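The values are calculated or read from the model by the stated rules, or taken from the named source; none is laboratory data. Remember, it's a predicted structure, so these values are computed and weren't measured experimentally. Ideal geometry is used to build each Cβ from the backbone, glycine not excepted, and the neighbour counts take in all protein chains shown.
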Amino acid sequence: MIASPARRAPGPGRLAIQFGVAFALAMLAMGVIVFLVAEERIAQRIDDALQVHVTKFLRPVATGPATDADVIARIQEWQRRKMLSERTYLFYDAAGRLVAGRLDLAAPQPGYSDVTFMGGGKKPQKGRALATRRPDGSLFVVVQHSEAAASLRALLPSVVAAIFVSALLVGLAATILFARLTARRLAETQAAADAIAQGDLTRRIPSNRLDGMFAVQAESLNRMLDRMEDMVNAQRQFSSHLAHDLRTPLTRLRGLLTAETAEADRVRLLERAERECASIITIFDALLRLAEIETGRHPSAVRDLPLRDMLEDIAETMEPVIADAGCALELGRLEPVRVRGDADLFNQMIVNLLENVVTHTPAGTRAKLSLEQAGESALIAIDDDGPGLAEGERDRVLLPFERGKGSGLRRGSGLGLAITRAIVRFHQGSLELADNAPGLKVRIRLPALPEAVQAA
């Protein structure tokens with residue numbers, strides 16, 4: 001099958017525009033916020049200044065509180081001295097008629113207020129006023145012409161436009177640079193992915209030229225690729241072993257079924273053929289069992305398990321089998337330890353290990369089964385004085401269809417230890433093979449239940 005050509009990664013243009021617009025909008029929002037804060041600060045300063053001027057004009061005189069005549073005189077005196085000012089002082093009588101001041105403005109309500117009036121020109125002006133009611137009902141008003149605020153508002157469109165355009169240009173420039181850098185780094189990832197898609201599982205993403213999140217991502221992908229390569233190689237090896245282990249019984253079965261023999265020997269041949277079929281079925285049953293456990297599809301009934309009682313029962317059942325093989329089984333120290341687990345899987349785990357003694361050790365081998373609590377773990381030990389395994393073989397025999405070079409004449413399916421390891425992993429435990437000098441040590445550690453739970 002011809003592979004379709006890899007699609008080119010999208011260019012940085014669209015990404016740059018998206019980031020540029022987003023950056024510009026963010027800067028625009030920030031500019032509006034700054035403007036509103038500045039306007040609020042200016043308004044607060046205007047209100048504070050109005051209060052100061054009111055206090056100044058209404059301060060008492062030597063003879064007592066300032067009268068209306070005193071206030072009017074102060075306004076008139078101020079008008080003579082200051083022809084041009086951003087402030088205007090007004091005085092209204094109790095009827096609301098303007099008595100002093102030069103501003104065409106109706107009497108405002110007491111307190112702060114925004115006012116509009118006609119100034120020297122034809123265009124209305126806006127300002128900020130503070131009106132103070134006198135005891136006799138008259139009204140003293142200070143008006144601050146808000147040229148600063150008006151100028152600020154007038155500049156708002158220009159400022160906003162300048163901020164938006166500048167932010168847009170800066171955002172586009174920055175994102176184009178970032179997008180190009182990202183595209184160049186992603187191109188290496190794409191090239192590695194294309195090579196892997198073509199079957200090159202040895203290809204990796206070079207991380208020495210990357211930094212930051214790109215280096216972390218590359219290292220994570222490379223670890224995933226290492227795992228994938230190991231899985232594929234293991235699958236290939238598994239298939240090869242399976243084909244090899246099935247070829248011999250199938251060849252013998254074919255020979256038995258096609259052999260020309262006398263009628264008297266036909267029953268014997270059929271019995272041999274039945275044994276070969278049983279051998280093949282045993283292999284497939286073990287494979288299915290292993291797959292169920294490793295993929296979590298095994299129907300498990302997890303409960304508290306009294307390991308000492310279970311080991312005693314298994315030893316009683318297996319002792320005749322081990323004795324028939326010319327070997328011996330003895331029980332060591334068995335402490336009352338409990339774990340959470342599946343009883344059927346636990347039984348199969350121990351039986352597999354004891355059958356391994358029967359299958360792969362010579363007559364006269366002695367095995368010892370013991371149990372103890374080691375910290376927070378239940379430690380199960382099976383020690384024998386057989387030929388043992390070389391250090392380089394101990395990890396290999398835990399793989400499907402692998403057998404030790406020192407195995408006896410009896411040959412099993414090569415799946416017992418693989419299933420045992422899968423069961424141990426199912427129970428969140430660990431399996432270790434070590435030298436017993438002579439013989440083999442098998443150590444299984446499982447999470448033990450707390451002592452309070454065990455005592456209950």
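So, residue 449, is that one within 35 Å of the chain's Cα centre (by Cα), surrounded by fewer than 22 Cβ atoms within 10 Å (Cβ to Cβ) and modelled with pLDDT under 90 or not? Break it down stepwise before answering.
On the way: within 35 Å of the chain's Cα centre (by Cα): yes; surrounded by fewer than 22 Cβ atoms within 10 Å (Cβ to Cβ): yes; modelled with pLDDT under 90: yes.
Yes; evaluated as a whole, the condition is true for this residue.
Test residue 185 against the stated conditions and say whether it is surrounded by 16 or more Cβ atoms within 10 Å (Cβ to Cβ) and either part of a helix (DSSP H, G or I) or at pLDDT 70 or above (or both).
Details: surrounded by 16 or more Cβ atoms within 10 Å (Cβ to Cβ): yes; either part of a helix (DSSP H, G or I) or at pLDDT 70 or above (or both): yes.
Considered against the rule, which asks whether it is surrounded by 16 or more Cβ atoms within 10 Å (Cβ to Cβ) and either part of a helix (DSSP H, G or I) or at pLDDT 70 or above (or both), residue 185 comes out as yes.
For the range 357-381: of the residues being buried (at least 22 other Cβ atoms within 10 Å of the Cβ) and under 43 Å from the mean Cα position of the chain (by Cα), which is nearest to residue 313 (Cα to Cα)? Don't jump to the end; show me each part of the working.
Quick first cut of the range 357-381, residues buried (at least 22 other Cβ atoms within 10 Å of the Cβ) only: 357, 360-361, 365, 367, 369, 378, 380.
Within this subset, residues satisfying the condition of being under 43 Å from the mean Cα position of the chain (by Cα) are 378, 380.
Details: 378: 18, 380: 15 Å.
Residue satisfying both the conditions and the ranking: 380.
Could you give every pair whose Cβ atoms fall below 6 Å, whose first residue belongs to the range 389-404 and is farther than 15 Å from residue 442 by Cα, and whose second residue is at pLDDT 75 or above and small (Gly, Ala, Ser), counting only separations of at least 6 or pairs across chains?
400/418
Filter the range 127-146 down to the residues that are over 14 Å from residue 46 (Cβ atoms) and not hydrophobic (A, V, I, L, M, F, W, C) and list them by number. Explain how you work it out, then say what you get.
If we filter the range 127-146 for residues that are over 14 Å from residue 46 (Cβ atoms), which is where we start, we get 131-141.
Passing the criteria: 132, 133, 134, 135, 136, 137, 138.
Which residues, counting only those in the range 315-347, are within 12 Å of residue 366 (Cα to Cα) and assigned to a strand (DSSP E or B)?
328, 329, 330, 331 - these are the residues of the range 315-347 that are within 12 Å of residue 366 (Cα to Cα) and assigned to a strand (DSSP E or B).
Scan the range 29-65 for residues that are closer than 18 Å to residue 142 by Cβ and either among the hydrophobic types (A, V, I, L, M, F, W, C) or in a helix (DSSP H, G or I) (or both) and report the count.
Within the range 29-65, residues that are closer than 18 Å to residue 142 by Cβ and either among the hydrophobic types (A, V, I, L, M, F, W, C) or in a helix (DSSP H, G or I) (or both) number 17.
Here is a yes/no grid of residues against (1) more than 24 Å from residue 69 (Cβ to Cβ); (2) assigned by TED's automatic domain parsing to the domain that holds residue 60; (3) over 60 Å from the mean Cα position of the chain (by Cα):
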| position | (1), (2), (3) |
| --- | --- |
| 107 | no, yes, yes |
| 117 | yes, yes, yes |
| 129 | no, yes, no |
| 137 | no, yes, yes |
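How about the range 66-96: which of its residues are part of a loop (DSSP other than H, G, I, E, B), free of Cβ contacts under 8 Å to residues at least 60 places away in the same chain and over 15 Å from residue 132 (Cα atoms)?
Looking only at the range 66-96, we keep the residues that are part of a loop (DSSP other than H, G, I, E, B), and these are 66-67, 82-86, 93-96.
This time we only want the ones that are free of Cβ contacts under 8 Å to residues at least 60 places away in the same chain, so: 66-67, 82-85, 93-96.
82, 83, 84, 85 - these are the residues of the range 66-96 that are part of a loop (DSSP other than H, G, I, E, B), free of Cβ contacts under 8 Å to residues at least 60 places away in the same chain and over 15 Å from residue 132 (Cα atoms).
Kindly indicate which of 114, 104, 93 is of a type in the set (D, E, K, R), touching a strand residue (DSSP E or B) at 6+ places or on another chain (Cβ under 7 Å) and at pLDDT 85 or above.
93
Can you report the number of residues in the range 327-362 which are modelled with pLDDT of 90 or more and of a type in the set (Gly, Ala, Ser)?
Residues that pass the stated criteria total 2.
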